[in-house]
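Taking it in order: structure first as structure tokens, then the write-up.
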Amino acid sequence: MFFFGKILEALGCADVGFALYVGLTQEHGMGKELELAAVGMLVFGLGVLAERWSAS
């Protein structure tokens, strides 16, 4: 479960980075950027929870 949590954290970081790229490159891309960033933060948070759950 620890490695699954780390994978989710990495995917969340990558998604937030992609959201930044979308927000900078697309005209009127702020709405899409916020959606992608929110999904990335949610995935990262799930990874943190999975990592903590495996430690207990």
**Fill in**
Residue-normalised value, i.e. accessible area per residue, for the chain at 1.4 Å probe, in Å², stands at 74 Å²
**Message:** Below 8 Å between Cα atoms, with a sequence gap of 6+, how large is the relative contact order for the chain in percent?
**Reply:** 56 percent
**Asked** Once volume of the Cα convex hull per residue in Å³ is worked out from the coordinates, which option in (i) 94; (ii) 40; (iii) 72 does it equal?
**Response** (ii)
**Fill in**
Counting only protein heavy atoms with a 1.4 Å probe and every protein chain in place, the carbon and sulfur fraction of the accessible surface of the chain in whole percent equals 73 percent
**Request:** Restrict the search to the chain; then list the GluC sites (Glu not before Pro) that DSSP places in a loop and that have at most 10 other Cβ atoms within 10 Å of their Cβ.
**Result:** Glu27
**Item:** the chain: chymotrypsin sites (Phe, Trp or Tyr not before Pro) falling in loop per DSSP and having at most 13 other Cβ within 10 Å
**Value:** none
**Request:** State the extension gain, in nm to one decimal, for the chain segment bounded by Tyr21 and Val39, taking 0.36 nm per residue of separation less the distance between their alpha-carbons.
**Result:** 5.0 nm
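The values are calculated or read from the model by the stated rules, or taken from the named source; none is laboratory data. No experiment lies behind these values; they were computed from the predicted model shown. Backbone-built Cβ (ideal geometry, glycine too); neighbour counts: all protein chains shown. The protein model used for the area step is the full one, side chains on, heavy atoms only, and it has no ligands, DNA or RNA in it. Shrake-Rupley method; radii C 1.70, N 1.55, O 1.52, S 1.80 Å.
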